[in-house]
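Novice: Take a look at the following structure, please.
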Amino acid sequence: MALVPHPPIRDDAITGREASSLPPIDPMTSEGRMSIAPIAAATEQFRLTPGSRADLVVASLEGVNKNYGEVRALHGVNFGVRAGEVVALLGPNGAGKTTAVKLLLGLMPPNAGRVRVFGGDPVNPENRLRTGAMLQVGRVPETLRVREHIDLFSTYYQRHMPATEVMAAAGLEKLSDRKFGDLSGGQKQRVLFALAICGDPDLLFLDEPTVGLDVEARRLLWEEIRRMVQRGKTVLLTTHYLQEADALADRIAVINKGEIIAVGTPAEIKAKTSGKRIRCITRLGLAELREIPGVSAAKQDREAVEIHAPEAEPVLRELLARDLSLSGLEVTSAGLEEAFLALTQDNSGNARQLN
Amino acid sequence: MSTATLAVTRTRIQRSPEHTAAIYWKEAKYEFLKNLRLRMYTASVLSFPIMFYVLFGLVLNSKEAIAGTPVPTYLIATYGTFGVMGASLFGTAAGLASDRGLGWLQVKRASPMPPFAYFAAKVVVSMTFSAVIVLALFALGIGFGHVQITNAHQLAKAVQLLGILVAGSLPFSAMGLAVGYFTGPNSAPATINLIYLPMSFCSGLWVPFMFLPKVVRHIALALPPYHLSQLALGVVGAGTHESNAAHWEVLLAFTMICLGIARIGFQRDQEKMYG
């Protein structure tokens with residue numbers, strides 16, 4: 001099974017109606033470690049997170065442009081990762097996330113600006129001893145066994161985790177002798193994860209680590225990533241799953257069309273919109289719904305409608321008054337999806353600061 | 001806000017010789033196992049020269065001679081060349097095109113793997129498979145074709161033939177690298193076939209050289225397989241008696257050109273976007 005990038009799962013399938021089945025907030029992750037430092041000056045994009053060593057930027061893009069021919073993949077990107085923190089680069093497909101990771105890995109040079117990893121050029125081979133990368137791969141050699149892949153990659157590093165420990169950390173204990181081609185999609189991703197961690201690196205790059213995985217496999221990989229973080233690794237992960245950024249990251253940088261449009265903790269980014277989402281089955285038409293005061297958006301979702309509003313109560317009063325036959329009512333908090341849409345659809349297109 | 005930056009100079013990774021050797025060994029070992037377990041690769045690369053040899057050298061014509069050399073012996077040189085060429089081309093080009101186009105090579109480049117180890121492994125594995133093919137032809141020839149390796153002189157010739165053919169894997173591995181850098185993962189096998197089958201025919205690897213039309217014989221002078229096969233035939237006494245040095249020079253020049261092309265491809269790849 002080829003590991004081609006999978007079209008993104010509709011976020012309302014995860015963040016909307018299943019909000020109640022989300023895992024409880026872990027005090028070790030984003031919510032518990034909310035930044036309390038005051039927002040710095042407008043041009044300042046690096047902010048302190050308790051628990052990270054603010055004096056040590058391990059990887060950064062400074063004023064970076066990257067073009068593929070005529071296509072502007074990255075433009076004016078300023079972005080840094082500090083020792084010990086987890087940063088998520090969040091954006092839709094084609095936003096430039098993978099390009100940013102490839103620049104940080106030294107796989108290609110920027111057209112302008114500077115890329116720094118451990119204070120030096122990312123192409124420096126010594127840096128690669130301290131980094132591990134999980135990239136999106138179309139095809140991995142299928143006739144090699146899991147333990148053979150891990151053995152080979154481990155040998156590249158000066159010091160590496162013992163194979164049994166790597167396989168335990170990636171949940172591959174029972175699959176050691178299996179050929180790569182015989183694995184399921186989730187298992188293949190875990191092998192790629194194992195290759196990223198086998199050298200016990202200080203800095204981990206994870207490019208869309210859970211793309212194409214089902215919910216269960218995704219949760220498993222998140223746990224494995226969290227365990228790496230608890231060991232003190234620095235992680236830069238890219239994703240278009242908002243829930244993933246929220247679950248794993250200390251800081252999120254939102255990127256769209258090659259530009260960073262916002263940086264903040266998950267709570268700050270979520271705070272961009274604090275609206276509600278109302279779902280119900282009603283005989284009222286969309287046009288009529290949109291005219292109700294307080295409704296910011298309304299759309300059809302199969303047999304029901306989905307209404308977005310900053311406050312639910314006034315809208316609910318109107319709805320229930322106008323349609324006595326209304327049924328299937330659900331009211332949930334607007335999730336990161338709304339914040340994301342609000343940020344990426346911003347017409348100004350310039351790097352925005354949260355205030 | 002000040003950032004403490006570490007002064008890191010751009011250096012090679014300092015590794016002990018044992019560690020470096022271990023990396024090169026494992027890279028080659030796993031490349032070999034990977035190819036060996038690929039039925040498609042092993043089957044086509046090993047079986048074609050063997051099949052042709054059995055058919056044209058053992059079943060038919062086994063009592064005949066070409067230019068004074070018994071057919072089973074003559075065909076070891078020509079089908080040996082053919083087999084070496086196929087093993088080297090498919091071993092390097094197809095794997096490289098696939099690794100490049102589908103992102104696996106990037107994962108390896110992002111790791112501390114010394115880049116040269118990747119290419120060295122592919123070349124070594126091509127040479128290994130080449131040796132296997134030639135030895136298989138020897139075995140068949142001795143077993144069924146009355147090829148004689150009974151005294152020290154004949155053994156020395158056999159070793160020399162093996163050496164020449166295995167060394168001949170290098171130009172074709174270089175060619176494979178050049179092709180692999182400029183083809184996509186799906187088109188690589190077809191491209192290789194399009195190049196190497198006509199090349200083999202025109203070089204006299206199937207129809208013996210002296211029976212080819214004059215025009216084709218002229219074309220052959222520009223083709224590396226012709227030169228390799230002439231070196232091999234020279235060992236068994238059936239060459240056209242041109243100087244060996246000329247053949248080696250052509251092969252060397254060809255290797256250099258291919259490596260140059262591969263290097264251009266390597267640098268071009270730094271800029272390309274992968275799917």
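The values are calculated or read from the model by the stated rules, or taken from the named source; none is laboratory data. Nothing here was measured: the structure is a model prediction, and the numbers come from that model. Cβ coordinates were reconstructed from backbone atoms using ideal geometry, including for glycine residues, and neighbour counts include every protein chain displayed.
Novice: Given the criteria of a type in the set (A, V, I, L, M, F, W, C) and not in a helix (DSSP H, G or I), does B:W248 qualify?
Specialist: Spelling it out, it is not the case that B:W248 is of a type in the set (A, V, I, L, M, F, W, C) and not in a helix (DSSP H, G or I).
Novice: Pairs please, first residue from the stretch B:239-264 and surrounded by 15 or more Cβ atoms within 10 Å (Cβ to Cβ), second anywhere and at pLDDT 90 or above and of a type in the set (K, R), Cβ atoms under 9 Å, 6+ apart in sequence or on different chains.
Specialist: none
Novice: A further question on this structure: Kindly provide the set of residues from the stretch A:216-245 that are assigned to a helix (DSSP H, G or I) and either of a type in the set (A, V, I, L, M, F, W, C) or touching a strand residue (DSSP E or B) at 6+ places or on another chain (Cβ under 8 Å) (or both), ordered by number. If you could, list the steps in order and put the result at the bottom.
Specialist: In the first step, residues of the stretch A:216-245 are kept if they are assigned to a helix (DSSP H, G or I); the result is A:216-230, A:242-245.
Of everything in the stretch A:216-245, those that are assigned to a helix (DSSP H, G or I) and either of a type in the set (A, V, I, L, M, F, W, C) or touching a strand residue (DSSP E or B) at 6+ places or on another chain (Cβ under 8 Å) (or both) turn out to be A:A217, A:L220, A:L221, A:W222, A:I225, A:M228, A:V229, A:L242, A:E244, A:A245.
Conditions (1) surrounded by fewer than 20 Cβ atoms within 10 Å (Cβ to Cβ); (2) farther than 25 Å from B:R268 by Cβ, marked per residue:
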site: B:Y30; (1), (2): no, yes
site: B:A43; (1), (2): yes, yes
site: B:L89; (1), (2): no, no
site: B:G95; (1), (2): no, no
site: B:S98; (1), (2): no, no
site: B:Q106; (1), (2): no, no
site: B:V123; (1), (2): no, no
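Novice: Answer yes or no as to whether A:L103 is assigned to a helix (DSSP H, G or I), among the aliphatic types (A, V, I, L, M) and within 7 Å of chain B (Cβ to nearest Cβ).
Specialist: So A:L103 does not fit the description; no.
Novice: Just to verify a result, which residue in the stretch A:114-158, among those that are within 22 Å of the chain's Cα centre (by Cα) and within 25 Å of B:A97 (Cβ to Cβ), is surrounded by the fewest Cβ atoms within 10 Å (Cβ to Cβ)?
Specialist: A:G138
Novice: Within the stretch A:106-128, which residues are closer than 22 Å to A:N256 by Cβ and either facing another protein chain (nearest Cβ under 8 Å) or modelled with pLDDT under 90 (or both)?
Specialist: A:M108
Novice: Let me ask you something else. Output the qualifying pairs, or none if there are none: Cβ atoms under 7 angstrom, residues six or more apart or on different chains, first residue in the stretch A:158-186 and within 14 Å of another protein chain (Cβ to nearest Cβ), second residue of a type in the set (K, R) and not in a helix (DSSP H, G or I).
Specialist: Note: pairs meeting the criteria are A:D177/A:R145; A:R178/A:R145; A:K179/A:R145.
Novice: Let me ask another. How many of the residues making up the stretch A:179-215 are of a type in the set (A, V, I, L, M, F, W, C), part of a helix (DSSP H, G or I) and either buried (at least 17 other Cβ atoms within 10 Å of the Cβ) or touching a Cys at 6+ places or on another chain (Cβ under 6 Å) (or both)?
Specialist: Taking the stretch A:179-215 as the starting set, the residues that turn out to be of a type in the set (A, V, I, L, M, F, W, C) are A:180, A:183, A:191-198, A:203-206, A:211, A:213, A:215.
Next cut, part of a helix (DSSP H, G or I) only: A:180, A:191-197, A:215.
Add one more test, that the residue is either buried (at least 17 other Cβ atoms within 10 Å of the Cβ) or touching a Cys at 6+ places or on another chain (Cβ under 6 Å) (or both), and what stays is A:180, A:191-197.
Selection size over the stretch A:179-215: 8.
Novice: List every residue pair whose Cβ atoms lie under 6 Å apart, where the two residues are 6 or more positions apart in sequence or sit on different chains, the first residue falls within the stretch A:303-322 and is in contact (Cβ under 8 Å) with a residue 40 or more places away in the chain and closer than 16 Å to A:L286 by Cα, and the second residue, located anywhere, is part of a strand (DSSP E or B) and of a type in the set (K, R).
Specialist: As it stands, the answer is A:E306/A:R279; A:E306/A:K299, since those pairs meet every condition given.
Novice: May I pose another question? Working only within the stretch B:18-28, note down all residues that are among the acidic types (D, E) and surrounded by 15 or more Cβ atoms within 10 Å (Cβ to Cβ).
Specialist: B:E27
Novice: I would also like to ask the following. Inside the stretch B:201-216, can you point out the residues that are assigned to a helix (DSSP H, G or I) and crowded, with 22+ Cβ neighbours inside 10 Å?
Specialist: Across the stretch B:201-216, the qualifying residues are B:C202, B:F209.
Novice: With respect to B:A222, is the statement that it is surrounded by fewer than 22 Cβ atoms within 10 Å (Cβ to Cβ), more than 14 Å from chain A (Cβ to nearest Cβ), without any contact (Cβ under 8 Å) to a residue 40 or more places away in the chain and in a loop (DSSP other than H, G, I, E, B) true?
Specialist: Yes, satisfied.
Novice: Show the residue pairs that are 6+ apart or on different chains and have beta-carbon atoms under 6 Å apart, the first residue being within the stretch A:130-157 and of a type in the set (F, W, Y), the second being not in a loop (DSSP other than H, G, I, E, B).
Specialist: Listed pairs, sorted by first residue: A:F153/A:L195.
Novice: Same structure, new question: For residues that are over 23 Å from A:E148 (Cα atoms), within 12 Å of chain B (Cβ to nearest Cβ) and small (G, A, S), tally how many sit in the stretch A:191-226.
Specialist: Looking only at that region, the number is 0.
Novice: Next up: How many of the residues making up the stretch A:61-78 are crowded, with 21+ Cβ neighbours inside 10 Å and either β-branched (V, I, T) or within 13 Å of chain B (Cβ to nearest Cβ) (or both)?
Specialist: 5
Novice: Yes or no: the stretch B:174-183 includes at least one residue that is in a helix (DSSP H, G or I), within 14 Å of chain A (Cβ to nearest Cβ) and either of a type in the set (K, R) or at negative phi (or both).
Specialist: So the first thing to find is which residues in the stretch B:174-183 are in a helix (DSSP H, G or I), and the list is B:174-182.
Among the residues that remain, those that are also within 14 Å of chain A (Cβ to nearest Cβ) are: none.
No, that holds for no residue.
Every residue, every condition in (1) of a type outside the set (K, R); (2) assigned to a helix (DSSP H, G or I), yes or no:
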{"position": "A:R139", "(1), (2)": "no, no"}
{"position": "A:E142", "(1), (2)": "yes, no"}
{"position": "A:D151", "(1), (2)": "yes, yes"}
{"position": "A:T155", "(1), (2)": "yes, yes"}
{"position": "A:R159", "(1), (2)": "no, no"}
{"position": "A:E165", "(1), (2)": "yes, yes"}
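Novice: Go through A:V315, A:V305, A:V295 for me and flag whichever is among the β-branched types (V, I, T), assigned to a helix (DSSP H, G or I) and over 30 Å from A:R82 (Cα atoms). Full working, then the answer.
Specialist: Details: A:V305 fails: assigned to a helix (DSSP H, G or I); A:V295 fails: assigned to a helix (DSSP H, G or I).
Of the residues listed, the single one that is among the β-branched types (V, I, T), assigned to a helix (DSSP H, G or I) and over 30 Å from A:R82 (Cα atoms) is A:V315.
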